[in-house]
Amino acid sequence: MFIPVTDKIYLVAPYERGNFPNSFSFYIDDEVPTLIDTPLTFWAQAFQAEMGARPVKRILNTHFHRDHTGCNHLFPDAEVYAHPADIPPMLSRENFMHFYGLDRYADRNVVEGLMSWIQWRPSTVTHELKDGQIINLGDIELTVIHTPGHTPGHCVFYWEKEGLLFSGDIDLTSFGPWYGNVNSDITQLIESIEKLINLNPRVICSGHKGVIEHNVRDQLNRYLDRLLEKEENVLKALKKPLTLDELVERKLVYGRWGKPEEQFHYFEKISVMVHLRRLQELQLVEEYQGKYRAVNQPPCQCAHM
Ligand SMILES: [Zn+2]
Ligand SMILES: [Zn+2]
């Protein structure tokens, strides 16, 4: 699919649906022909066919995940921009595994399954993105907004004049925000989504949902609510002390697991660990004798004054 969004911006997809592991890229046909993200290598041929002979001078990557950087290598002469916090896993397989926690928390099955499926390969990066930086493409000027949480270096790109935001994986899907890497950070993710709610864009070009033009702010609010609901459910479950494994089995993050189950189990576990880290920082949960439990808040501070 190669679908116009404006007279210079096109949605590019090797497959008509954008839900993971598919994704949407956006092509900007300006003085500096630019791609926002590229899909998984798995789609390389179809992506190339959609792009045809169109030139690409620059790639702006919202973050390091393979469904957003997988086909960077098809454009060896293009400049590639990424945030410094997300560059290490684009350059080295070891760093990629480390960001996913695969070197510490996964068994061999999960590691082999995931790594062969996503076909990791290095991507060159030529330029670093900075929060507030203006990227001039000709008619279109994009402001870089650093929106960490999903990954440490996740960025979105805002065409202020038209109120149009390329939002990467702050993607407004009904699943809600994803935080299944060991260095995902829910507090940062909440702040990043709030930043976009305050920005109040007119249009969002999402990496998995495509072009969203209606009720954008409401959809951002609902998206944030999905995350807060999951956190609330974790807290509720911990009224009774549970081990990490017991909490994972409740499937509070994914709801249900697809296939292969060991991969869903793995990402459920990491997501729960990310929740627990934040809830412990907030002193809402404590670890006690190998189990986690919600901390009872003192009923009334004033009684002790
Ligand atoms: Zn992602
Ligand atoms: Zn994605």
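Restricting attention to the stretch 42-128, which trypsin sites (Lys or Arg not before Pro) occupy a DSSP loop and are surrounded by at most 12 other Cβ atoms within 10 Å?
Passing sites in the stretch 42-128 are ARG104.
Which lysines does LYS209 reach when only Cα atoms under 30 Å apart count, and residues fewer than 8 places away in its own chain are ignored?
Straight-distance partners of LYS209: LYS8, LYS57, LYS130, LYS161, LYS195, LYS230, LYS251, LYS259, LYS269.
How large is ³J(HN,Hα) for each residue in the stretch 179-193, as worked out from phi by the Karplus curve 6.51 cos²θ - 1.76 cosθ + 1.60 (θ = phi - 60°), to whole Hz, x for Gly and Pro?
9, x, 9, 4, 9, 5, 9, 5, 4, 5, 4, 4, 4, 5, 5
How tilted is helix 261-281 with respect to the longest principal axis of the chain? Cα atoms for both, answer in degrees (0 to 90, nearest 10).
Between the helix axis and the principal axis of the chain, the angle is about 70 degrees.
May I ask for the net charge around TYR223, where only other residues with Cβ less than 15 Å from the Cβ of TYR223 are counted and Lys, Arg are +1 while Asp, Glu are -1?
Net of charged neighbours comes to -2.
Could you let me know the centre-to-centre spacing of the stretch 175-196 and the stretch 20-75, using Cα atoms, in angstrom?
Taking the Cα centre of each part, the stretch 175-196 and the stretch 20-75 sit 24 Å apart.
Work out from phi, with θ = phi - 60° and the Karplus expression 6.51 cos²θ - 1.76 cosθ + 1.60, the ³J(HN,Hα) of each residue of the stretch 137-143, listed in order in whole Hz, and give x for Gly and Pro.
With coefficients 6.51, -1.76 and 1.60, one gets 9, x, 6, 9, 10, 10, 9 Hz.
Determine ³J(HN,Hα), in whole Hz, for all residues of the stretch 90-101 in sequence, where each value follows from phi through the Karplus function 6.51 cos²θ - 1.76 cosθ + 1.60 and θ = phi - 60°; x replaces Gly and Pro.
So the J values, rounded to whole Hz, are 7, 9, 9, 4, 4, 5, 4, 4, 5, 4, 7, x.
Mind checking the stretch 27-95 for GluC sites (Glu not before Pro) that DSSP puts in a loop (not H, G, I, E or B) and that have at most 15 other Cβ atoms within 10 Å?
Those satisfying the criteria are GLU31.
Return one quarter of the surface area of the convex hull spanned by the alpha-carbon atoms of the stretch 29-75, equal to its mean projected area, in nm².
Mean projected area for the stretch 29-75: 3.0 nm², to one decimal.
If you take all C-alpha pairs in the chain, what percent of them are over 37 Å apart?
Taking all Cα-Cα pairs of the chain, the fraction more than 37 Å apart is 17 percent.
Amide H to amide H, which residues 5 or more places from GLY210 or on other chains are under 5 Å from it, using H placed in the peptide plane?
Hits under the 5 Å cutoff: none.
Mind giving me the nanometre distance, one decimal, between the label points for GLU213 and ARG104, set 7 Å out from Cα along Cα→Cβ?
About 4.6 nm separates the two model spin labels.
As an exercise, use a Förster radius of 22 Å and the Cβ-Cβ distance of ARG226 and LYS251 to find the FRET efficiency, rounded to the nearest 0.05.
That pair, ARG226 with LYS251, gives E of 0.90.
Bear in mind these aren't lab numbers, they're just calculated from the coordinates by the rules spelled out. Every value quoted in this text rests on a predicted model; they were computed, and no experiment measured them. Positions of Cβ are backbone-derived with ideal geometry, glycine not excepted, and every protein chain shown enters the neighbour counts.
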